[in-house]
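Below: one structure, written as structure tokens.
The values are calculated or read from the model by the stated rules, or taken from the named source; none is laboratory data. All of these numbers come straight from a predicted model, not from anything done at the bench. A quick note on method: Cβ atoms are made from the backbone with ideal geometry, for glycine too, and the neighbour counts reach across all protein chains shown.
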Amino acid sequence: MADPCSFVFPDSASGPRNAALTASRWASFLFVKTMMTNYLISFPSAAMNVPDDQLQEVGRAAAAVIDEAKAAGVFVFAGGINEALRPALVSSDGKLAQGGYAWAPALDGGFTVLALPSYDDAVAWAARLAKACRCDQELRAFQFDLRV
């Protein structure tokens with residue numbers, strides 16, 4: 001008999017993939033999905049006005065905050081846009097054009113995504129990153145998506 005708490009995740013590329021979850025794993029999955037929100041904490045490159053001789057210190061401070069986020073189990077992703085490479089615009093038929101949308105502002109700087117239980121927690125982490133990076137951070141919340 002099938003587990004009544006099993007769940008199959010759709011995978012549009014290869015059809016359904018059976019990822020049956022036991023009742024306890026399903027409960028954990030729902031808890032994380034209902035109690036945590038992914039937050040984007042970011043800054044544009046122009047916001048970071050740090051003298052060249054202090055960049056390594058800022059890098060170490062930012063890495064320490066990321067290490068703390070990993071230790072706390074809230075880290076999802078972090079990185080900086082490689083500004084040496086131009087963006088590419090890919091159409092639905094796969095055609096490639098160099099450069100992004102001409103009307104949009106450039107996307108650059110640093111980005112961190114953390115899974116946090118509250119907006120207040122996100123503000124606290126953004127403040128830690130602002131202190132480490134020596135510049136204000138923008139904070140945005142991702143919309144909830146059960147399919148992930």
Picking from Leu129, Leu116, the residue that is in contact (Cβ under 8 Å) with a residue 12 or more places away in the chain and over 17 Å from Gly80 (Cα atoms) would be Leu116
*asked:* Residues that are within 19 Å of Ser42 (Cβ to Cβ) and either loosely packed, with under 10 Cβ neighbours inside 10 Å or hydroxyl-bearing (Ser, Thr, Tyr) (or both): does the range 85-103 have at least one?
replied: yes
Exercise. Consider Val58 carefully, then state whether it is in contact with a Cys (Cβ under 9 Å, 6 or more places away or on another chain) and more than 22 Å from Thr37 (Cα to Cα).
Key: yes
In the set Ala46, Ala69, the lone residue that is part of a helix (DSSP H, G or I) and at pLDDT 95 or above is Ala69
